[in-house]
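Worksheet: one structure, shown below.
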Amino acid sequence: MQTRKISVGQRELGCRPGESVLDALLREQVEIAYGCRQGACQSCIARSLDGAPPAAAQAGLKDVLRHQNHFLACLCYPERDMAIGIGSPEQRFCQATVTGKQLLNAETLLLTLHTDQSLDYCAGQFVNLKRGDGLQRSYSIANNRVHARNLTFHIRRLAGGRFSAWAHDELKLGDLLEVSDPQGLCYYLPSGQPGNLLLIGTGSGLAPLAGIVSEALHHDHAGQIHLYHGSREMDGLYWVEEMRGLAAQHANFHYTPCVSRGDAPDGVASGRANDVAMKQLPDLKGWRVYLCGHPDMVQQSKRQAFLNGAKFDDIYADAFHVASATLD
Ligand SMILES: Cc1cc2nc3c(=O)[nH]c(=O)nc-3n(C[C@H](O)[C@H](O)[C@H](O)COP(=O)(O)OP(=O)(O)OC[C@H]3O[C@@H](n4cnc5c(N)ncnc54)[C@H](O)[C@@H]3O)c2cc1C
Ligand code: FES
């Protein structure tokens, strides 16, 4: 393994053994958008200008982008010197105005944006929100498609988190943000198979699942819909009464809030949401399973759902990877 030369425009820099192109660019203070550093948000897209990039750096990209030698800088560990361009002609953003800010609990903000054009998204997908200085992060759309120009998001404050703390404390009604094209594989298609749905989310992972539930109920989804929302403690849960209200109105919608620490009051299950769900629903043959939130929960639930009979193709997941802080 040796240091590889990366040329970006007029600049040349070294990418050290075991270092990703993204980390090398950030170390050298080259401007590049990024979010998760895990290949999930596609913010760090770049293009190899002198031949194919490593195949592993193209994981999850659309065929057309792969063909054009685009790659994700956070997944790229160069095997040769590379000349690259940053960004993608496909990454389009529209403008949006902040029209609502409301706390759902002490740490979760309900943010409403009005976009200047209608977004074509499926319930459950996420977008990248970009502020004026270019900092962008991924957030899941929390509403169904009926309100396509009024998007809602659940933004959990991370202590020291640049975007989330800024959104909680400084972003004001009337401010402008940019919103990327929708992305992500955790979505509900109204025209899809009827069948039963299992949705498991932790923390702000409720956001995309609430959008999916709302979309499915709006389209009179024929199967059963089971939602499990988990948090460590009671004060980490939110929308409990709203979800109970929906369950009271729709006989096929079942909602189970879960807490994994301390005593669970009546109507709340004790244990981690995925464990509670898998115990209550031991046979998931033919079910579609949606998993959103903490990456460890998503990973573990995929295995559990598969062992309970769900097909891998029927498991839709978006792990909320948070960028590691090593270079910040
Ligand atoms: C597909 C996807 C969907 C997502 N959907 C949602 C959603 O719906 N809702 C939601 O709330 N989140 C969601 N996320 C997570 C979101 O994108 C952000 O990663 C999250 O909000 C944190 O961003 P931030 O800028 O606030 O934190 P960052 O600034 O990126 O910091 C991340 C962490 O590192 C720590 N840190 C930063 N700098 C330092 C330092 N110098 N020293 C020590 N520690 C440091 C911070 O305290 C924080 O804990 C999603 C992520 C993905 C990939
Ligand atoms: S895909 Fe590279 S930072 Fe998210």
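The values are calculated or read from the model by the stated rules, or taken from the named source; none is laboratory data. Note that the structure is a prediction, hence the values are computed from the model and not measured. A quick note on method: Cβ atoms are made from the backbone with ideal geometry, for glycine too, and the neighbour counts reach across all protein chains shown. These accessible areas exclude ligands, DNA and RNA; they are computed on the full protein's heavy atoms, side chains included. Shrake-Rupley method; radii C 1.70, N 1.55, O 1.52, S 1.80 Å.
Some values worked out for this structure:
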quantity	calculated
Some residue of segment 24-32 being within 15 Å of ligand 1 (Cβ to nearest atom), assigned to a loop (DSSP other than H, G, I, E, B) and within 22 Å of L119 (Cβ to Cβ)	no
Enumeration of residues in segment 132-152 that are over 19 Å from H218 (Cα atoms) and either out of contact with any helix residue (DSSP H, G or I) (no Cβ under 9 Å at 6 or more places or on another chain) or away from ligand 2 (no atom under 16 Å from the Cβ) (or both)	G132, D133, G134, S138
Some residue of segment 206-215 being at pLDDT below 90 and more than 16 Å from ligand 2 (Cβ to nearest atom)	no
Residue tally, condition of a type outside the set (D, E, K, R), open to solvent by 60 Å² or more (accessible area, probe 1.4 Å) and modelled with pLDDT under 90, over segment 132-158	2
Criterion violated by F71 - all others in (1) in a strand (DSSP E or B); (2) open to solvent by 20 Å² or more (accessible area, probe 1.4 Å); (3) within 12 Å of ligand 2 (Cβ to nearest atom); (4) not hydroxyl-bearing (S, T, Y) satisfied	(2)
So Q2, is it within 14 Å of ligand 1 (Cβ to nearest atom) and in a loop (DSSP other than H, G, I, E, B)	no
Residue that is nearest to H294 (Cα to Cα), among those in segment 40-57 that are at pLDDT 90 or above and within 16 Å of ligand 1 (Cβ to nearest atom)	C44
P194 under 19 Å from D314 (Cβ atoms) and modelled with pLDDT under 95	yes
Test: residue in segment 257-273 that is within 17 Å of G205 (Cβ to Cβ), under 18 Å from the mean Cα position of the chain (by Cα) and either of a type in the set (F, W, Y) or away from ligand 2 (no atom under 16 Å from the Cβ) (or both)	no
Residues that are assigned to a loop (DSSP other than H, G, I, E, B) and surrounded by 12 or more Cβ atoms within 10 Å (Cβ to Cβ), drawn from segment 9-23	R16, E19, S20
Filter pass, I45 being of a type in the set (V, I, T), under 23 Å from F320 (Cβ atoms) and buried (at least 18 other Cβ atoms within 10 Å of the Cβ)	yes
